[in-house]
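The values are calculated or read from the model by the stated rules, or taken from the named source; none is laboratory data. Everything numeric here is computed off the predicted structure, so don't read it as measured data. Cβ sites come from the backbone with ideal geometry, for glycine too, and all protein chains shown count toward neighbours. Only protein heavy atoms, including side chains, enter the accessible area calculation; ligands, DNA and RNA are left aside. Shrake-Rupley method; radii C 1.70, N 1.55, O 1.52, S 1.80 Å.
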Amino acid sequence: MEAESLGAVAAVVSASGIAGRRLREVVARLVEGPATLEDLVRDFAVPRRTAEALLRAAGTDLDRDAGRFSLREPVRQAYRECFSLSALEHRPRVTGMAELIAGAPAADRELDHVSATADTAQRRAEWLATTYDLAGARLVCIGDHDLTSLAVRRACPDVAITVVDVDERLLAYIDAQRAGIACLHADLRFGLPPAVAGSADLIFTDPPYTPEGVQLFLGRGAQALRDRDNGRLVMAYGFSPLTPALGLKVQRAVLDLDLVIEAMLPAFNRYHGAQAVGSASDLYVCRPTPHAWQILDRRLDRLAGAANIYTHGSQSLEGAARTGPARILGGGPLHAEEVTVDLSADPGPWLARVLLALNAPSVRLLVPNNHPDLRDEPAQVALRSLVAAKYDLRLRRSHPGPREATVEAVRRSGGPAAAEWLLTHAHGKLGNVLREALLRADPSLSRVEAQARADAAIGPDHLDARLLDLPRHAIARLLAL
């Protein structure tokens, strides 16, 4: 009966998903020696019904003596190995975050960046690793200026990690650490990268501290969950004790998504700056309720394309209410002969992404005159190089007015076949698109050979991603193949 009971216990633990660590701790207690049902419920904070289900599953592998339970000696080693019980005794200690944080790109106030301390990044990782079953799970960081992803990688090498962020500098920095973390670009106002949707067991986010920002980041995080029953969303959020009404608005925004606040750890996070909130924030643990999945998309539709979700700068709640290119960046390919797009509210990343997303023969884009891709010659050269296999660009500064610039793009042909195919199929799954691009560049390749080269160039975490969702440095790397 040992194998049958072992499998039944494993099924009970697996059914708890990312939260199964407590049940593994119950199993460890039964290996250690006798315990009553009341002991197991109280000591490990598991519902009585769940503890009873685990005991029933163990069946004849249990010794039962006057209401006390323990695993029989002949099966204990099998349970230790099956549930990696020795790993429960290991308390991860994360070090080296101070150097990583010191080398990271400077905070961008327009994106509400305030750097967490190295101790906070380490403490987050250690808490996550000792609270959840991370081994074999996927963590998605919705924004990661504090480098929580790198800290978690050090605490738990077996967890798969994806970072989704709008900051190209940050994505390049994380990728340069060669920590095996998948980095994807997204402006969450226009949606989540399709490859991330339904992929995560655990979400971590430190969002903009506005009701709209919190709801958007948590909502996209919920869309990223694959385990709708057991998935958790962990969020850093703080408000000043002098402004409890703001805290109430944010908490209502959380509840408006039908997320339950399962736990809150006060002043868990500390920051360099953010003195208005005491340089600290709380750590919230949220969990979707069944009704969340019925209303989630409708709630997020209200925020789709909204430019104003931050607390500082032109994208703040006090800024002019303008929408971005939601139809282009949030949907599929747009088919038209000539396209004109108003990107006058572009904070930086929209211009390049729109040029990637469109395939129209003629494109005219209105952008701010001080746009990061136009403000100096190196930036202009980088933009032209990015789309050179698809578009010839004419950059008209101070046109049609002193605060505006116009980017005119005209389709070209005759460039590198592989690069042109990639750029004109930016919405497709990258593994398939790159395979076809390689075949067009080298007809002597077999499909199997081309797929093998594509897989090696992209890596397993990006095969289902779109070119549109890759960081710019990764796009440039692929175009150079």
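A few points about this structure:
- Criterion: without any contact (Cβ under 8 Å) to a residue 12 or more places away in the chain, not polar (S, T, N, Q) and not in a strand (DSSP E or B) - qualifying residue of Ala245, Ala276, Ala253, Ala222: Ala245
Quick grid of which residues meet (1) touching a strand residue (DSSP E or B) at 6+ places or on another chain (Cβ under 9 Å); (2) at pLDDT below 90; (3) surrounded by fewer than 16 Cβ atoms within 10 Å (Cβ to Cβ):
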site	(1), (2), (3)
Leu242	no, no, yes
Asp258	yes, no, no
Ser281	yes, no, no
Arg287	yes, no, no
Trp293	no, no, yes
Leu303	no, yes, no
Tyr310	yes, yes, no
Glu318	no, yes, yes
Ile328	yes, yes, no
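- Taking first residues from region 168-184 that are open to solvent by 10 Å² or more (accessible area, probe 1.4 Å) and partners that are part of a loop (DSSP other than H, G, I, E, B), the Cβ contacts under 8 Å between residues at least 6 apart in sequence or on separate chains come to Glu168/Pro349; Glu168/Pro471; Arg169/Pro105; Ala172/Pro471; Tyr173/Ala104; Tyr173/Pro105; Asp175/Ile181; Asp175/Pro471.
- Close pairs from region 425-440: first touching a residue at least 40 places away in the same chain (Cβ under 8 Å) and among the hydrophobic types (A, V, I, L, M, F, W, C), partner part of a helix (DSSP H, G or I) and surrounded by fewer than 18 Cβ atoms within 10 Å (Cβ to Cβ), Cβ under 6 Å, at least 6 apart: Leu438/Arg453
- Top-ranked residue in region 9-40 [being out of contact with any Phe, Trp or Tyr (no Cβ under 9 Å at 6 or more places or on another chain) and open to solvent by 40 Å² or more (accessible area, probe 1.4 Å); ranked as farthest from Glu81 (Cα to Cα)]: Glu38
- Of the residues making up region 113-128, those that are open to solvent by 10 Å² or more (accessible area, probe 1.4 Å) and over 17 Å from the mean Cα position of the chain (by Cα) are Val114, Ser115, Thr117, Ala118, Asp119, Gln122, Arg123, Glu126, Trp127.
- Qualifying residue in region 143-156 (condition: over 16 Å from Arg232 (Cβ atoms), open to solvent by 20 Å² or more (accessible area, probe 1.4 Å) and more than 17 Å from the chain's Cα centre (by Cα)): yes
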